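What follows is one structure encoded as structure tokens, with my remarks underneath.
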Amino acid sequence: MRGLACCPDSLWRIQGGRIMSATLMSETLRYEAGLCSSSDCRVMFQPSWAGCEVEVHSSVERMFGPAIEALAREMLEAYGVTRGHLLIEDDGALEPVLAARIETVLRVAGFESQSEQRSARTALRFCKVENREPGRKDRVRWARLYLPGNQPNFMINADSFGADMLVFDLEDSVPPDRKLEARILVRNMLCSSILFKKSELAVRINPLRGSCGKEDLEEVLGAKPHAIVLPKTASALDVQQLDEELSRLEGKYGITKGSVLIMPLIETAEGVLAAREIAGASHRNAALLFGYEDFMTDIHARQDAVLDNGLVQSSQLGALLARQMIVLAARVCGIEPLDSVIADISDNEALKRSCAEARQIGMGGKAAIHPMQIPTIRACFAPSEQDIAWARGIVEAYEKSMSEGKGTAVQASSMIDAPVVARARRILQEAENKD
């Protein structure tokens with residue numbers, strides 16, 4: 001059975017974190033989480049009358065087998081488990097991953113942490129996020145990389161890929177039967193003080209219209225992500241509801257109120273038409289994101305390739321108006337508009353064209369679904385050497401003119417007015433973040 005497996009024929013029931021039964025033990029009752037893949041582990045828990053047994057099979061067992069078993073027993077004690085068999089099949093999983101998989105099976109089996117002091121959620125060695133700075137609206141967000149929320153192999157080196165923002169995805173990339181283990185994994189990975197030190201950290205939750213989105217927030221917010229990406233945002237009310245949930249949870253977890261940012265993701269016609277209201281719905285809003293694929297599906301648009309000088313290329317021209325509306329809405333509210341992905345990771349030329357188009361209409365960045373797309377995206381949105389030289393010339397000419405008491409400035413036979421100077425200064429400021 002895929003995901004968390006529990007035999008429906010079992011006669012067992014859970015009470016107060018203990019397995020209770022008036023019948024014989026069912027040998028088929030089993031709870032499972034994780035995958036037998038690189039940097040991950042599969043963990044299975046099966047109730048039994050015997051004492052607490054831990055069985056470890058690992059590709060690094062000679063070096064780390066005892067440590068893996070010690071972590072497992074620490075968590076079994078934290079959850080008050082005194083009977084049962086815990087099997088761990090490991091292929092080099094880091095401690096946060098191992099702990100997430102073990103916690104998942106124990107919680108699904110009905111066990112609860114016996115005390116906050118001993119809780120696997122808050123007291124394990126890797127949970128150290130006290131020094132993470134709050135979210136900042138003024139960060140560069142040229143390239144954001146989406147990471148599947150249930151695949152740790154994509155996460156462990158993600159901070160070295162050069163993305164300005166990492167988005168841990170709990171929505172589209174996670175099957176319904178793996179939502180719980182994904183959010184526990186993401187929480188644990190965000191808690192790591194070693195893995196993530198450069199990129200901005202965001203979590204794309206599930207929509208708040210159902211219970212899943214609120215459960216995502218409840219689980220991950222204690223790990224202090226910089227921002228929450230809200231998918232399928234259709235109205236200002238969606239953003240306001242998220243704002244209220246964040247305020248409640250910031251209080252619960254002792255996080256400074258207002259420090260977690262919001263990034264609404266617009267993916268429908270309804271959302272595009274409400275973009276102005278959405279962008280201004282909360283002081284937490286830091287960026288307005290566009291989701292191309294979902295939007296095109298929503299408006300029933302055909303996504304045929306178009307001809308360009310005889311060559312077939314992918315194009316996002318069908319959503320040009322929607323993208324422009326998002327740019328206008330974001331800019332008037334003083335936040336960044338960020339463009340969608342190019343799904344074909346093998347077509348770098350299409351990515352370059354899409355980035356150039358996005359920048360030309362005013363987008364401040366673009367999404368990536370593979371690390372190899374990041375350099376191309378950043379190269380397009382970061383100021384070029386030619387841009388920097390032009391900006392320096394403008395600012396120097398303007399400042400010289402002002403120091404001489406002249407009311408206007410001229411550079412290369414062109415008049416320099418206030419908007420041109422503002423654009424030049426913005427380019428120089430962006431250049432400081434280029435590397």
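Each peptide in 36-43, 362-369 was scored by the mean count of other Cβ atoms within 10 Å over its residues; highest first, the order is 362-369, 36-43. Proximity of backbone amide H atoms, modeled 1.01 Å from N, is registered between ILE299 and no other residue at under 5 Å, excluding neighbours fewer than 5 places apart on the same chain.
Working ranking of peptides 383-392, 233-242 by packing, defined as the average number of other Cβ atoms within 10 Å per residue, highest first, is 233-242, 383-392.
What residues have an amide H closer than 5 Å to that of ASN285, excluding those fewer than 5 places away on the same chain, when H is modeled at 1.01 Å from N in the peptide plane? Amide H to amide H, under 5 Å and 5 or more residues apart or across chains, ASN285 pairs with ILE262.
For the range 166-207, the equivalent ellipsoid derived from the alpha-carbon gyration tensor has semi-axes of 20, 12, 6 Å in decreasing order. Counting only DSSP beta bridges with both residues in the range 143-381, the antiparallel share comes to about 10 percent. Counting only residues at least eight positions apart within a chain, or on another chain, the aspartates and glutamates with an alpha carbon under 14 Å from that of LYS198 are GLU133, ASP159, ASP164, ASP435. Beyond 32 Å between alpha-carbons counts as too far, so tell me which of LYS197/LYS400; LYS257/LYS366; LYS224/LYS366; LYS257/LYS352; LYS232/LYS257; LYS252/LYS366 fall in that bin. Listed pairs above 32 Å: LYS197/LYS400; LYS257/LYS352; LYS252/LYS366.
The label-point distance for ARG209 and GLU53, in a model that sets each label 7 Å from Cα toward Cβ, rounds to 4.8 nm. Kindly identify the range 196-349 as rounded, prolate or oblate by the Cα gyration tensor criterion: order the square roots of the eigenvalues as a ≥ b ≥ c, call it rounded if a/c is under 1.5, otherwise compare a/b with b/c, prolate if a/b is larger, else oblate. Prolate, because a/c is 1.5 or more and a/b exceeds b/c. A prolate overall shape is assigned to the range 230-296, the ratio a/c of its alpha-carbon gyration tensor axes (a ≥ b ≥ c) being 1.5 or greater and a/b exceeding b/c. Label separation (VAL60 vs ALA422): 5.2 nm, computed from points 7 Å beyond Cα along the C-beta direction.
In plain terms, the chain from GLU396 to SER193 could stretch by 68.8 nm, reckoned as 0.36 nm per residue minus the Cα-Cα distance.
A Förster radius of 22 Å combined with the Cβ-Cβ distance from SER384 to ASP347 puts the calculated FRET efficiency at roughly 0.45.
Bear in mind these aren't lab numbers, they're just calculated from the coordinates by the rules spelled out. Not measured: the values here are computed from a predicted model. For neighbour counting, all protein chains shown are included, and Cβ atoms are generated from backbone atoms with ideal geometry for every residue, glycine included.
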